[in-house]
Amino acid sequence: MDKKAVDQVVSVLANSRNTIVVTGAGISTEAGIPDFRGADGIYRKLGENKVMNIININAFNRDPEEFYDFYRKHFAFPPAEPGKAHLMLADMEKKGRVKGIVTQNIDSLHEKAGSRKVVAIHGTADRYICRNRGCQGVYDQDYVDRYEEVVPHCEKCGSVLKPDVVLFGENIKDYVEARDMILGAQVLMVIGSSLTVYPLAGFVKEFTTFYQDLIIINKGRTQLDHAALVKIDGGHTGDMLEEINRQMDLRGC
């Protein structure tokens, strides 16, 4: 662990009145959630074009059976509990050190860990929404898993259910709130994201044009390493956040 970098992060956070955290897949891989864009991820194995041609809103509308056959096979999450990093962020929020989280992840682990202010811009994987605008019933993963047909339907009106996740061709959720949170931060801490997916990466880049207090904790380079006040590369994210939180406890900040 880079003690000097950790001490620098603690000093920056101690003087911040509004720290916002941005998280990507890297924070959840430590909890057992696969990184779809990682070395062994589905994008590498099948090719990005093939995945994008199926996991998009047009394909869903055109052939929901083909969509669900692919989605159930390749995008089902294994059972997972929040990792240490999720728990540390929830504790930091409870103590007022973190004011909110904007996440690219769809696994709900931040919420399960106890974080309250979470903006999940890509949606939530274990929720399904009825496509009938007059109904819009909401169903959980258990309902879909028990459903006997490939394509789940609403038990109220019979319409097709859609995963409550942002598919290619759809706008992210809570665009304005996410952008406002990031641009309104005094300190922005990016964890587990290479900052290649837009528009979130664009929000962070926009932040760096006005402010200097950007902290990046990520295994490997990101698109904005050059703009970071502190960059921590490698190591166990949960352990780092635990040490940061512990040091802040000791300083009484």
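Just so it is clear, none of the values below were taken in a lab; they were calculated from the coordinates. Computed from a predicted structure; not experimentally measured. Positions of Cβ are generated from backbone atoms using ideal geometry, with glycine treated the same way; all protein chains shown enter the neighbour counts.
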Give me the Kirkwood hydrodynamic radius of the chain in Å, from all C-alpha pairs, to one decimal place? 19.2 Å
Helix 64-74 sits off the longest principal axis of the Cα atoms of the chain, rounded to the nearest 10 on a 0 to 90 degree scale, by 40 degrees
In Å, the Kirkwood hydrodynamic radius from C-alpha pairs for segment 186-233 sits at 10.4 Å
List every residue whose amide H lies under 5 Å from the amide H of residue 18, counting only residues 5 or more places away in sequence or on a different chain, with H placed 1.01 Å from N in the peptide plane. 186, 187
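How large is the helix-only mean residue ellipticity at 222 nm for the chain, computed as the sum of -39500 (n - 2.57) over DSSP H runs with n ≥ 4, divided by its residue count, in deg cm²/dmol to the nearest 500? Could the numbers behind the result be given before it?
Numbers: 12 runs with 100 residues, N = 253.
So the calculated ellipticity at 222 nm is -11000 deg cm²/dmol.
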Before anything else, pin down the relative contact order of the chain: Cα pairs under 8 Å, at least 6 apart, normalised by residue count, whole percent. 25 percent
Got a sec to turn the phi values of segment 205-222 into Karplus ³J(HN,Hα) couplings, 6.51 cos²θ - 1.76 cosθ + 1.60 with θ = phi - 60°, whole Hz, x for Gly and Pro? 4, 5, 4, 5, 6, 10, 10, 10, 7, 9, 10, 10, 10, 7, 7, x, 6, 10
Excluding residues fewer than 8 positions from residue 3 in its own chain, the aspartates and glutamates with Cα under 17 Å of it are 233, 239, 242, 243, 249
Histogram of C-alpha separations across segment 155-214, 10 Å bin width, %: 18, 43, 21, 12, 6, 1
Per GNM of the chain with C-alpha springs under 10 angstrom, the most fluctuating residue out of 208, 23, 196 is 196
Distance in nm between label sites at residue 145 and residue 250, each 7 Å beyond Cα in the beta-carbon direction? 4.2 nm
Give the cross-link partners of residue 50 among the lysines, using a straight C-alpha distance below 22 Å as the criterion and excluding same-chain residues fewer than 8 apart. 73, 162
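So what is the relative contact order for segment 130-169, in percent, with contacts set as C-alpha pairs under 8 Å and at least six apart?
Numbers: 30 pairs, mean separation 18.2, N = 40.
Value for segment 130-169: 45 percent.
I'd like the FRET efficiency for residue 174 and residue 233, computed as 1/(1 + (r/R0)^6) with the beta carbon distance as r and R0 of 22 Å, rounded to 0.05. Before the final figure, lay out each step's value.
On the way: r = 30 Å, r/R0 = 1.35.
Efficiency at R0 = 22 Å is approximately 0.15.
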Distribution of pairwise C-alpha distances over segment 205-253, 5 Å bins, in %: 5, 20, 20, 20, 19, 13, 4
